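One structure below.
The values are calculated or read from the model by the stated rules, or taken from the named source; none is laboratory data. Keep in mind it's a predicted model, so treat the numbers as computed, not measured. Heads up, the Cβs are rebuilt from the backbone with ideal geometry, glycines too, and the neighbour counts pull from every protein chain shown. The area values use the complete protein model at the heavy-atom level, side chains included, leaving out ligands, DNA and RNA. Shrake-Rupley method; radii C 1.70, N 1.55, O 1.52, S 1.80 Å.
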Amino acid sequence: MQTASRDLRRDGKRIGFVPTMGFLHQGHLSLMQIARQNANVVIASIFVNPTQFGPNEDFSTYPKNLESDFALLAKAGVTGVFTPNDEMMYPKHYQTYVSLDQLPNHLCGISRPEHFKGVATIVAKLFNIVRPHVAVFGEKDYQQLAVIRRLTMDLNFDIQIMGGPIIRESDGLAMSSRNQYLLPDERKAATCLKQAIENAQKQIRSGETRGPAVITAAEKFITSLPHTKLDDIRMCHTLTFERI
Ligand code: AMP
């Protein structure tokens, strides 16, 4: 991959990069399109990164369908797909990790303590392997996007980071490879996330200035539905994730 990228760069090509864990859907493909619009060649990666999964998470059962992924990527005009295995990325004696001091102390980082360290490490490695000019990440994983913007600046990667808007199903649920885990009733309940955000927006736009009132209403709405459990809900700064 490094050799291919070196040759592409030597030929004056601008390389766009979209890292994924595979089992691709329209959300991923929208990022490929953004990469295509901002580069001459697009490289995607498919790697289910073990270091970003917690001990009780779905690493071993994460859905896979490489054949369908390759077909979708070819149709999306992607030039190359980098699909390393665990041994290539984390060989014996591997011991170097990238971790951020502050961003992971909020939201998802609280319930998934090692998650962002795994994400930051694999993204830094992929950046050094693929050597892109521009890399695209989804706003669906907003905290991840913030972590990647921060690490790109902190480690001086000469890479432009772009965010792509959330692509949703027709009922508002954000597309996700993990949606297939949901049983029909749970799938229905999952739309409460988008509804809660929209309700909060409506309250604020119509003049509600008390943050806690908006949060409490969202909390009540979500927990009153079957199949829901609240992990975290807050208003926070869009760059630091500090509560506001
Ligand atoms: P994943 O395969 O889940 O690691 O996701 C790979 C990339 O696709 C990440 O940058 C995600 O944020 C992005 N992504 C996943 N789902 C969506 C979606 N529904 N809309 C936009 N981007 C997405």
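Here are a few things to note about the model shown:
- Probe 1.4 Å, protein heavy atoms only - accessible area per residue of the chain in square angstrom: 57 Å²
- 37 °C / 0.692 mPa s Stokes-Einstein diffusion coefficient of the stretch 166-244, Kirkwood radius on C-alpha pairs, µm²/s: 237 µm²/s
- The stretch between residue 128 and residue 219 holds 28.6 nm of extra length on full extension. This uses 0.36 nm per residue minus the Cα-Cα distance.
- All lysines inside 20 Å of residue 75 as judged from Cα atoms, apart from same-chain residues fewer than 8 positions distant: 64
- Unit Cα scatterers, Debye sum, the stretch 70-211: log10 I(q)/I(0) for q = 0.15 Å⁻¹: -1.04
- Eligible aspartates and glutamates near residue 140 by straight Cα distance, threshold 17 Å, same-chain separation 8 or greater: 169, 171, 198, 231, 232
- Under a 5 Å amide H cut-off, with hydrogens placed 1.01 Å from N, residue 236 pairs with 244 among residues at least 5 apart or on other chains.
- Relative pair counts by distance (%), Cα atoms of the chain, 10 Å bins: 7, 27, 36, 22, 8, 1
- Accessible-area composition of the stretch 19-72, carbon plus sulfur, in percent [1.4 Å probe]: 52 percent
- DSSP loop trypsin sites (Lys or Arg not before Pro) with at most 16 other Cβ within 10 Å: longest gap in the chain: 93-209
- Fraction of accessible area attributable to carbon and sulfur, the stretch 97-244 (%, probe 1.4 Å): 53 percent
- Straight-line cross-link reach from residue 125 at under 17 Å between alpha-carbon atoms covers these lysines, not counting any fewer than eight positions away in the same chain: 92, 117.
- At 0.692 mPa s and 37 °C, Stokes D of the stretch 121-189 from Kirkwood alpha-carbon radius, µm² per second: 236 µm²/s
- Each residue of the stretch 176-189 was assigned a 3J(HN,Hα) from its phi angle through the Karplus curve 6.51 cos²θ - 1.76 cosθ + 1.60 (θ = phi - 60°); the sequence is 7, 4, 7, 4, 5, 5, 7, 6, x, 5, 5, 4, 5, 5 Hz, with glycine and proline shown as x.
- Counting all C-alpha pairs of the stretch 63-123, share separated by more than 19 Å (%): 55 percent
- Descending principal axes extents, the stretch 1-94, alpha-carbon based, whole Å: 43, 34, 20
- Calculated [222 nm] ellipticity per residue, helices only, for the chain: -12000 deg cm²/dmol; basis is -39500 (n - 2.57) per DSSP H run with n ≥ 4, divided by all residues, nearest 500.
- Per the Cα gyration tensor, the stretch 32-143 maps to an equivalent ellipsoid with semi-axes of 25, 17, 15 Å, ordered largest to smallest.
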